[in-house]
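Working notes for the structure below.
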Amino acid sequence: MVWFSIYTIRYMVSRWAVAALLLLVSAAARGQAPFWPGVTYDPAVPAIGRTLGYAPGERISWHGSIVRYFETLAAAQPARMKVWEYGKTWEGRKLIFAAIGSEANIRLLNQIKANQRKIADPRTTPEAEAAKLMAAMPAVIWLGYGVHGNEISSPDAAMLTAYHLLATRRDPVVDRILANVVVLIDPLQNPDGRDRFVHHFEMSEGLEAQAEPSALEHDEPWLSGRTNHYHFDMNRDWITLTQPETRGRVKTLLEWLPLVFVDLHEMGSNSTYYFAPEAVPYNPHLTAAQRTSLDWFGKNNARWFDQYGFSYFTREVYDAFYPGYGASWPAYYGAIAMTYEQASARGLRMRRTDEREFTFRDTVRQHFVASISTAETAARERPQLLANFRAYRVSAIEEGSREAIREYVLPRRGDVSAVDKLAHVLAAQGIEVHRAAQPAGGFPAGSYFIRLNQPQKRMVRTLLDAKVEMEKDFLAEQERRRKKKLPDEIYDITGWALPLVYNVEALPRESVTAGTMDLITPGALPTGSVTGKGTVAYLVPWGTQAAARFLTAALRAGLRLHTNDKGFKQNGRAFPRGTLIVKTLENSPGLDAKIAALAAAQGAEVIGTETGWVEDGVNFGSRFVHTVKAPVVAIAWDSPASSASAGHTRFVLERQYGYPAIPVRAATLASADLSRFDVIVLPDGAYSASLMTRLKDWVRAGGTLIGVGGAVSSMADAKTGLLAIQRETLPKPEKSAEKKAGDDGRVPGTFLVSDADYDKAITPEGAMPDDVAGVLVAARTDPDHWLTAGLPAKLHAMISGRNVFTPVKIDKGTNAAVMMGPADILAAGYLWEENRKLLAHKPLAVVQREGRGWAIGFTADPNYRALMDGLNLLFLNAVFGGPAHAR
């Protein structure tokens, strides 16, 4: 037992000391180890217990409490800590980060940030000047906590890390850190998910915390705290920047360019602790110096973990291949990027399968120790970190000047608004993108040019190259494991080339295009325009994202529109299928001003016409012209729908195209008045036969049912018959028919004379293809069906999982988009050979008439992570074209 004199307490400097002392007594009384043994804390620095009313690790902190504590610290220690807001979540919660350092470094923060940017560009800062700057500069590092809201320990560790750095007295580790490092702390990257988790946890609490893994407090509902408001895993959003949290974070990182970035996570409760080095495969655009540097941090973490008796592992599970992780993306501007993973208590107590228990406090402590260890390593390696960062940027420019690919060109043609968007997404990631106002190099005016002799060269290559190769040894091992039906070790998608997912051209060139060009500013997208007088109608050529935004905005503004199933030519210009026709006399006065405002806001091209006469094709009154109504769209919500698929679908409709969708629980669809809806979307999931039967009746009455991914299986079920297709298994191996045993349990013998014979003998009939982590495949479109209006002949889709479907027979429906043949199907990523053969010539999009309505199935999710911009029009054609063509 620890005894303290009341007289000692009475003469403590302030009430902050009392709070810190009480916390120490509390920990000692419960037999808990101090978070960092042997240190003394300054009573002038606000302790967590005094500020929030509980000791670190005793409660799971709400977002508001975390923000309050950081603001309290900054107010109490303004000379050594600053706090800024860098954005807001969809639900309006603040995103903050803090800088902690010595008084001298905090006083010079703006200069430190400016100097970091100077050394980052060898074209403007000579070596001698850079060397002088680096000799006097601290290392800037970034510690990011809680990107998954239900990975609960790291944000509380962030508070403890900040307190420890500010309050520790005369400790050589902290003193060295503060003298040599500016520590940037992002304490909570996903406030919406975090508060969702804490809300569920506190509602589920009883008399005492439960260690039982199946207890309600550990068992989250359908929409867990992992994701943000629109159900995005923001640790996959870094290369597409779809979410405000990610955009704000990337913008801030590019302002500071920290040398080290750590993303602190949690994993399954039966694990221990993971830190770098990562598992293979490594992305080939990472440098040898970056990989070597990982050992510095791993070894120091191991030293502290060994001292405190913490178990850990390295080089397993968590790879560095996909660039869209938080622990990957910063590496492509030159940082050392790492992920740390802590076994999760998912509450205050957790019992492992080996019957050992651990607490939330334990997990907070381990993340805290790893945070301090990381900062200590950065302090020790400060000169080399700065030198390596500078060398990374220098070598990137040199490689871009001598390698075969000197430039990527994004020609502004086809879906020009998708081209514009991609260029600006790249620019928002620090990539230098130039735009030619006039035609240049044989490319149209407005085309974008990305020169490779720039510091972000490796980011350019990893985002734009169609093929990013994995190590051959790694792939050979995966094939060996697969042959034995062992799970593969591919952690995430293996194909992500942004030009393919946007379905736009990105042309690699061996030389740099000459001409007058301007460096674009992220977000300054071209505006739309109206040409001609619309005395008869206004025409919006279909086939661009901007035209789709115009459609949704016009419908919400109450305009009456039409669309054509066959193209036409007017005044020498060809207008494609799907062109929007806004007839002037069908709409209210003031149409000209409304059209002009919509075109400008949505970036659309609008052509006014003074006649309905066309030189070729269909007139505006043809039977091939249909009225587009403003459909009421419902999305199946809650189990059995995939929360990710549901959220991403809603996001694409609402936030990318500005059209509202109504989430309706799948169970409610079984009894709701479905006549209120024109369109119902079934996200990926397995739905009951009874619900599908009810939906079939609704479709027959004129509804449009859209199924995504696994929902296609439910629509194709023989009991429902909404889609006349079937899910496929692997073809039967030759000579593999199973032999039935006789009464004595014996079967006739078989000679297995080769490994191939053995493989056939152990392959079960009706086996499903192996799961695919995520690859980009190519598909061709039907040029005659309304579902493909405005789309090019070739599309790309993300295939994951193992679902493969038969094509629909021509007398039953239409295969509106079909995957390419076996030689051409793979566009990016690594695809198992059997899957490549089985997927070839199979449907991506199937349309089937049912009564007066439509059943539409997407065998791959067109809204996957809101990544697949090139499939937006295909999905929107289903949402708006289905009701337009319903009887």
* Asked: In segment 508-544, which residue that is closer than 30 Å to residue 611 by Cβ and not in a loop (DSSP other than H, G, I, E, B) is modelled with the lowest pLDDT?
  -> 529
* Asked: Going by the structure shown, is residue 247 in contact with a Gly (Cβ under 8 Å, 6 or more places away or on another chain), modelled with pLDDT of 95 or more and open to solvent by 10 Å² or more (accessible area, probe 1.4 Å)?
  -> yes
* Among all residue pairs at least 6 apart or on different chains, which show Cβ distances below 7 Å where the first residue, located in segment 206-218, is at pLDDT 95 or above and the second is acidic (Asp, Glu)? -> 210/217; 211/357; 217/205
* Asked: Taking the stated definitions as given, is residue 778 open to solvent by less than 20 Å² (accessible area, probe 1.4 Å), of a type in the set (Gly, Ala, Ser) and touching a residue at least 60 places away in the same chain (Cβ under 8 Å)?
  -> no
* Considering segment 40-58 alone, what residues qualify as being hydrophobic (A, V, I, L, M, F, W, C) and within 19 Å of residue 80 (Cα to Cα)? -> 44, 45, 47, 48
* Restricting to strands (runs of 3 or more DSSP E) lying wholly in segment 806-880: which have 1 or more residues that are more than 18 Å from residue 496 (Cβ to Cβ), in contact with a Pro (Cβ under 6 Å, 6 or more places away or on another chain) and among the β-branched types (Val, Ile, Thr)? -> 814-819
* To do: Consider residue 357 carefully, then state whether it is among the charged types (D, E, K, R), open to solvent by less than 20 Å² (accessible area, probe 1.4 Å) and in contact with a strand residue (DSSP E or B) (Cβ under 9 Å, 6 or more places away or on another chain).
  => no
* **Which numbered condition residue 370 misses (of (1) open to solvent by 10 Å² or more (accessible area, probe 1.4 Å); (2) of a type in the set (Gly, Ala, Ser); (3) closer than 28 Å to residue 197 by Cβ)** => (1)
* To do: Check segment 121-135 and report whether any residue there is open to solvent by less than 60 Å² (accessible area, probe 1.4 Å) and closer than 23 Å to residue 328 by Cβ.
  => yes
* To do: Kindly state which strands (runs of 3 or more DSSP E) lie completely within segment 335-388 and contain at least 3 residues that are in contact with a Phe, Trp or Tyr (Cβ under 6 Å, 6 or more places away or on another chain).
  => 336-343
* To do: Go through (1) assigned to a loop (DSSP other than H, G, I, E, B); (2) open to solvent by 10 Å² or more (accessible area, probe 1.4 Å) one by one and return the number of the condition residue 231 breaks.
  => (2)
* Hits in segment 152-176 (condition: open to solvent by 10 Å² or more (accessible area, probe 1.4 Å) and in contact with a Ser or Thr (Cβ under 6 Å, 6 or more places away or on another chain)) -> 169
* Asked: All but one of (1) in a loop (DSSP other than H, G, I, E, B); (2) out of contact with any strand residue (DSSP E or B) (no Cβ under 8 Å at 6 or more places or on another chain); (3) surrounded by 24 or more Cβ atoms within 10 Å (Cβ to Cβ) hold for residue 276; which doesn't?
  -> (2)
* To do: Take the residues in segment 303-335 that are open to solvent by 10 Å² or more (accessible area, probe 1.4 Å), touching a Ser or Thr at 6+ places or on another chain (Cβ under 8 Å) and of a type outside the set (Phe, Trp, Tyr), then tell me which one is nearest to residue 211 (Cα to Cα).
  => 311
* Among (1) open to solvent by less than 10 Å² (accessible area, probe 1.4 Å); (2) touching a Gly at 6+ places or on another chain (Cβ under 6 Å); (3) under 24 Å from residue 419 (Cβ atoms); (4) of a type outside the set (Val, Ile, Thr), where does residue 857 come up short? -> (3)
* To do: Taking the options 730, 722, 669, name whichever one is free of Cβ contacts under 8 Å to residues at least 40 places away in the same chain, among the aliphatic types (A, V, I, L, M) and either open to solvent by 30 Å² or more (accessible area, probe 1.4 Å) or over 27 Å from residue 554 (Cβ atoms) (or both).
  => 669
* Asked: Right, residue 66: among the β-branched types (Val, Ile, Thr), over 27 Å from residue 363 (Cα atoms) and part of a helix (DSSP H, G or I) or not?
  -> no
* Structure fact -> Selection from segment 354-389 of residues of a type in the set (Gly, Ala, Ser) and closer than 17 Å to residue 101 by Cβ yields 371, 375, 378, 379
* Structure fact -> Of the listed residues (128, 98), the one being free of Cβ contacts under 8 Å to residues at least 24 places away in the same chain and hydrophobic (A, V, I, L, M, F, W, C) is 128
* Asked: In segment 177-191, is there at least one residue being open to solvent by 10 Å² or more (accessible area, probe 1.4 Å), among the polar types (S, T, N, Q) and within 23 Å of the chain's Cα centre (by Cα)?
  -> no
* **Failed item, numbered, when residue 195 is tested on (1) outside any loop (DSSP other than H, G, I, E, B); (2) farther than 24 Å from residue 304 by Cβ; (3) open to solvent by less than 10 Å² (accessible area, probe 1.4 Å); (4) not polar (S, T, N, Q)** => (3)
* Asked: Within segment 788-817, how many residues are surrounded by fewer than 23 Cβ atoms within 10 Å (Cβ to Cβ) and touching a His at 6+ places or on another chain (Cβ under 6 Å)?
  -> 1
* Yes or no: residue 763 at pLDDT below 90, of a type in the set (Ser, Thr, Tyr), exposed (fewer than 13 other Cβ atoms within 10 Å of the Cβ) and farther than 24 Å from residue 715 by Cβ? -> no
* Asked: When you go through (1) in a loop (DSSP other than H, G, I, E, B); (2) open to solvent by 30 Å² or more (accessible area, probe 1.4 Å); (3) at pLDDT below 85; (4) not basic (Lys, Arg) one by one for residue 736, which number turns out not to apply?
  -> (2)
* To do: Run residue 546 past the list (1) touching a residue at least 24 places away in the same chain (Cβ under 8 Å); (2) closer than 29 Å to residue 422 by Cβ; (3) open to solvent by 10 Å² or more (accessible area, probe 1.4 Å) and report the number of the one that doesn't hold.
  => (3)
* Asked: Taking segment 482-496 only, how many residues are surrounded by 13 or more Cβ atoms within 10 Å (Cβ to Cβ) and either among the charged types (D, E, K, R) or under 18 Å from residue 763 (Cα atoms) (or both)?
  -> 4
* Could you please give the count of residues in segment 384-394 that are within 17 Å of residue 124 (Cβ to Cβ) and not aliphatic (A, V, I, L, M)? => 4
* Report yes if some residue within segment 563-574 is open to solvent by less than 50 Å² (accessible area, probe 1.4 Å), of a type in the set (Val, Ile, Thr) and farther than 24 Å from residue 784 by Cα; otherwise report no. => no
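The values are calculated or read from the model by the stated rules, or taken from the named source; none is laboratory data. Everything numeric in this text was worked out from a predicted model, so none of it was measured. Glycine also receives a Cβ, built like all others from the backbone with ideal geometry; neighbour counts cover every protein chain displayed. Side chains are part of the model used for accessible areas, which takes the heavy atoms of the whole protein and leaves out ligands, DNA and RNA. Shrake-Rupley method; radii C 1.70, N 1.55, O 1.52, S 1.80 Å.
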